[in-house]
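The values are calculated or read from the model by the stated rules, or taken from the named source; none is laboratory data. Just so it is clear, the structure is predicted and the values come from calculations on it, not from any experiment. Heads up, the Cβs are rebuilt from the backbone with ideal geometry, glycines too, and the neighbour counts pull from every protein chain shown. For accessibility, only protein heavy atoms count, side chains too; no ligands or nucleic acids. Shrake-Rupley method; radii C 1.70, N 1.55, O 1.52, S 1.80 Å.
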Amino acid sequence: MKIDVLSLFPDMFSGVFGQSILKKAQEKSAVKFQVIDFREFSTNKHRNVDDYPYGGGAGMVLTPQPLFDAVERLSNQSQAKPRIILLCPQGERFSQRKAEELAKEDHLIFLCGHYEGYDERVREYLVTDEISIGDYVLTGGELGAMVVIDAVTRLLPGVLGKEESHLQDSFSTGLLEHPQYTRPADFRGMKVPDVLLSGNHKNIENWRKKESLKRTYNRRPDLLENKELSKEEEKWLQDIKDNKTT
């Protein structure tokens, strides 16, 4: 995958892209990152990329010309048609499902804005997706882009080592992930559940499914509203609701 980021502050990405999983993903040639200061595409003699909004109002608005020219050049250099992603508070709320969708693409271009927003023609005629990472406002789109890129990159083939590593992640199954334990089995009197030490893989699998269901019911019951459950899972859920299981 190729990921291009258009930002006025490209140095913000150097630490993130040079560490941990994102660094390993590049070393494995699973992804190639490029961060570009879109001020370089400004045709204004002062290299301005913003201007006052028509009709008045507070703040400045990003002009369309630098972003259109930057995206068009990147698109023309690409062998695949890119998804062009605008980070903004009005966008679709980001989810694991969206990350999985984007991970299937060959080329992503992220637009990171600042000031009071974008000229509306950027939304209408340039981008393919608008994404928000939550119901709050940041000073720019860079942090949101980092979140989305991290979530997408870890899903690319070979990045996590074991292909099944992300399959049980919270939200990937539609439920929150089950509790995890490691050594020692007894830490200050706090013990690992006996079933995980039993070696019975079927019982362990059922325990994990039940715990995942219970954690989702207790913490994010909204996720269960449209979740299709098996008859066995429905029984487990009823037991959880009746407080028959702990």
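Descriptive notes on the structure:
- Of G189, G158, G174, the one that fluctuates the most in a GNM where the chain has Cα springs shorter than 10 Å: G189
- With a Förster radius of 41 Å applied to the C-beta separation of R47 and S172, the computed FRET efficiency comes to 0.40.
- Apolar share of the accessible surface for the chain: 47 percent from carbon plus sulfur atoms, 1.4 Å probe.
- Sorted peptide list for 75-84, 145-154, criterion being average Cβ within 10 angstrom, highest first: 145-154, 75-84
- For a label point 7 Å along the Cα-to-beta-carbon line of N206, residues of segment 217-236 with backbone N under 15 Å: 231-236
- Ellipsoid fit via the Cα gyration tensor, segment 82-167: semi-axes of 25, 14, 10 Å, each the root of five times an eigenvalue, largest first.
- Accessible area per residue (1.4 Å probe, heavy atoms of protein chains only) ranks F110, F9, F41 as F9, F41, F110, with the largest value leading.
- Over the chain, dividing the summed -39,500 (n - 2.57) contributions of all DSSP H runs of at least 4 residues by the number of residues returns a 222 nm mean residue ellipticity of -9500 deg cm²/dmol.
- Residue-span extension gain [D239 to E124] - 0.36 nm each, minus C-alpha spacing: 36.4 nm
- Difference of contour (0.36 nm per residue) and Cα-Cα distance, D194 to V137: 16.0 nm
- Anchor K210: lysines whose Cα lies under 25 Å away (excluding residues fewer than 8 positions away in-chain): K162, K191, K202, K227, K231, K235, K241, K244
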